[in-house]
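Student: The structure that follows is given in the form of structure tokens.
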Amino acid sequence: MNPTQSLPYLPLSKSLFPARSWQRDLLLVLLGSFLLALLSQAVIPLQPVPITLQTLGVLLVGAALGSRLGFLAVVAYLLEGLVLPVFAGGATWFHPRIAFTAGYLLAFPLAAYLVGYLVERYGTDRSALKTFGAMLLASLLIYAIGVTWLGFALAGAGRYSGVWGVLQAGMIPFLLGDLIKAAIAAALLPTAWRLIGR
């Protein structure tokens, strides 16, 4: 039995390409990782954490591919970062900045899975309001892991300035941008479904 048949809602990619095969899944995973690498290069260079379109890519990939393939696409992206400059600003895992931002990167697969799960179980990508809420929830997950990691990394580097200082470095400057990214996703995903319906 095809496991996608038991899902209450199919994500966009599986609706467009319903015939499951390992070739289809591999192609979608690679395309998802490529999109994420591309969006990661749009950077505003703040320190120690830059502003990028990475999170928008993670959330869109999770919604479009679903929980399993979205998770795998982001994991593929992280593995690519071992040898290719796919992270923000052309970084790899060996860039000095990664010591501070690794928590965000490691949270990305979980966030993609969460968004994909919400799509598959509740059809959150069919409604602008539900999409917006799902994106904010996944962003909170990224912050929970990323900011915690950042706090320990700053402490290890002798730069820890308290909880408020960590929040100012790793969350507060990005909140407006995350609201805008969630709004972009809330516009794109339901629109894509309307176009498919036509």
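Student: Please specify each residue of the stretch 53-68 satisfying the condition of being surrounded by fewer than 24 Cβ atoms within 10 Å (Cβ to Cβ) and in contact with a Gly (Cβ under 8 Å, 6 or more places away or on another chain).
Tutor: If the condition is that a residue be surrounded by fewer than 24 Cβ atoms within 10 Å (Cβ to Cβ) and in contact with a Gly (Cβ under 8 Å, 6 or more places away or on another chain), then SER67, ARG68 are the ones that fit.
Student: Kindly provide the set of residues from the stretch 86-96 that are open to solvent by 10 Å² or more (accessible area, probe 1.4 Å) and either of a type in the set (Val, Ile, Thr) or without any contact (Cβ under 8 Å) to a residue 40 or more places away in the chain (or both), ordered by number. Step through it out loud before you land on a result.
Tutor: Restricting attention to the stretch 86-96, the residues satisfying the condition of being open to solvent by 10 Å² or more (accessible area, probe 1.4 Å) are 86, 89-90, 92-96.
Across the stretch 86-96, the qualifying residues are VAL86, THR92, TRP93, PHE94, HIS95, PRO96.
Student: So if I check each of LEU69, LEU60, LEU110, LEU82, which one is in a loop (DSSP other than H, G, I, E, B) and among the aliphatic types (A, V, I, L, M)?
Tutor: Details: LEU69 fails: in a loop (DSSP other than H, G, I, E, B); LEU60 fails: in a loop (DSSP other than H, G, I, E, B); LEU110 fails: in a loop (DSSP other than H, G, I, E, B).
Checking each option against the conditions leaves just LEU82.
Student: Turning to a different aspect of this structure: Only one residue in ALA107, ALA128, ALA99, ALA76 is open to solvent by less than 10 Å² (accessible area, probe 1.4 Å) and of a type in the set (A, V, I, L, M). Which one?
Tutor: Working: ALA128 fails: open to solvent by less than 10 Å² (accessible area, probe 1.4 Å); ALA99 fails: open to solvent by less than 10 Å² (accessible area, probe 1.4 Å); ALA76 fails: open to solvent by less than 10 Å² (accessible area, probe 1.4 Å).
After ruling out the rest, the residue left standing is ALA107.
Student: With the requirement that a residue be more than 14 Å from VAL74 (Cβ to Cβ) and either open to solvent by 20 Å² or more (accessible area, probe 1.4 Å) or out of contact with any Leu (no Cβ under 9 Å at 6 or more places or on another chain) (or both), what does the stretch 133-142 give you? Break it down into steps so the answer makes sense when it comes.
Tutor: Taking the stretch 133-142 and keeping what is more than 14 Å from VAL74 (Cβ to Cβ), we get 133-137, 139-140.
Of everything in the stretch 133-142, those that are more than 14 Å from VAL74 (Cβ to Cβ) and either open to solvent by 20 Å² or more (accessible area, probe 1.4 Å) or out of contact with any Leu (no Cβ under 9 Å at 6 or more places or on another chain) (or both) turn out to be GLY133, LEU136, LEU137, LEU140.
Student: Additional query: Being under 24 Å from LEU60 (Cβ atoms), in a helix (DSSP H, G or I) and at pLDDT below 95 is the filter here, so list the residues in the stretch 137-171 that pass it.
Tutor: Hit for the stretch 137-171 is GLY170, nothing else.
Student: Select from the stretch 12-39 the residues that are within 14 Å of GLY66 (Cα to Cα) and outside any helix (DSSP H, G or I) and list them in ascending order.
Tutor: PHE17, PRO18, ARG20
Student: So how many residues does the stretch 145-179 have that are of a type in the set (Gly, Ala, Ser) and surrounded by 13 or more Cβ atoms within 10 Å (Cβ to Cβ)? Break it down stepwise before answering.
Tutor: Kept after step one, since they are of a type in the set (Gly, Ala, Ser), are these residues of the stretch 145-179: 146, 151, 153, 155-158, 161-162, 165, 169-170, 177.
Pick out the ones that are also surrounded by 13 or more Cβ atoms within 10 Å (Cβ to Cβ) and you get 146, 151, 153, 165, 169-170, 177.
Residues flagged as of a type in the set (Gly, Ala, Ser) and surrounded by 13 or more Cβ atoms within 10 Å (Cβ to Cβ) within the stretch 145-179 amount to 7.
Student: Further question: Within the stretch 112-122, work out how many residues are free of Cβ contacts under 8 Å to residues at least 60 places away in the same chain and either within 14 Å of TRP149 (Cβ to Cβ) or open to solvent by 10 Å² or more (accessible area, probe 1.4 Å) (or both).
Tutor: To start, the set of residues in the stretch 112-122 that are free of Cβ contacts under 8 Å to residues at least 60 places away in the same chain comprises 112-115, 117-118.
The next check asks that each one be either within 14 Å of TRP149 (Cβ to Cβ) or open to solvent by 10 Å² or more (accessible area, probe 1.4 Å) (or both); those that pass are 113-114, 117-118.
Counting residues in the stretch 112-122 that are free of Cβ contacts under 8 Å to residues at least 60 places away in the same chain and either within 14 Å of TRP149 (Cβ to Cβ) or open to solvent by 10 Å² or more (accessible area, probe 1.4 Å) (or both) gives 4.
Student: Identify, by number, the condition in (1) at pLDDT 90 or above; (2) part of a helix (DSSP H, G or I) that TYR9 doesn't meet.
Tutor: Result: TYR9 passes all but (2).
The values are calculated or read from the model by the stated rules, or taken from the named source; none is laboratory data. These figures come from a predicted structure and were not determined experimentally. Virtual Cβ from ideal backbone geometry, glycine too; neighbours counted across all protein chains shown. Keep in mind that these areas ignore ligands, DNA and RNA; they rest on the heavy atoms of the full protein, side chains included. Shrake-Rupley method; radii C 1.70, N 1.55, O 1.52, S 1.80 Å.
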